[in-house]
Amino acid sequence: KKNKGRKDVEWYKQQLAKLDKKLLNSFVGVYDTLHLSMSYDGNPLASVASAGLQEAEQIINWVENRSGTA
């Protein structure tokens, strides 16, 4: 079922909570910064986007290390 509005990421949060609580906190922060604040709420600060992208890069690195691909 397609809905307009903010997407639900509860499944991702539940899966990350099982794997790594620190990563879960990073994910929640990145999701809030890049998706909600920058997209839906229209935060115009480039510094906010930059900080969110740096944290997202750390999450990507974590996934690459766990999956064995780079």
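The values are calculated or read from the model by the stated rules, or taken from the named source; none is laboratory data. What you are looking at is a predicted structure, and each value in this text was computed from that prediction instead of being measured. Positions of Cβ are backbone-derived with ideal geometry, glycine not excepted, and every protein chain shown enters the neighbour counts. Quick note on the areas: whole protein, heavy atoms, side chains included, nothing else; ligands and nucleic acids left out. Shrake-Rupley method; radii C 1.70, N 1.55, O 1.52, S 1.80 Å.
Can you find a residue in region 36-43 that is open to solvent by less than 70 Å² (accessible area, probe 1.4 Å) and touching a residue at least 24 places away in the same chain (Cβ under 8 Å)? Give the steps one after another, and end with the answer.
Step one: filter region 36-43 for residues open to solvent by less than 70 Å² (accessible area, probe 1.4 Å), giving 36-38, 42-43.
Narrowing further to those that are touching a residue at least 24 places away in the same chain (Cβ under 8 Å): 36.
Within region 36-43 (the criterion being open to solvent by less than 70 Å² (accessible area, probe 1.4 Å) and touching a residue at least 24 places away in the same chain (Cβ under 8 Å)), the answer is yes, since at least one residue qualifies.
Look at region 1-17: where a residue is over 24 Å from ARG66 (Cβ atoms) and a partner is at pLDDT below 90 and hydroxyl-bearing (Ser, Thr, Tyr), sitting 6+ places away or on another chain with Cβ atoms under 9 Å, you get GLY5/TYR40; ARG6/TYR40.
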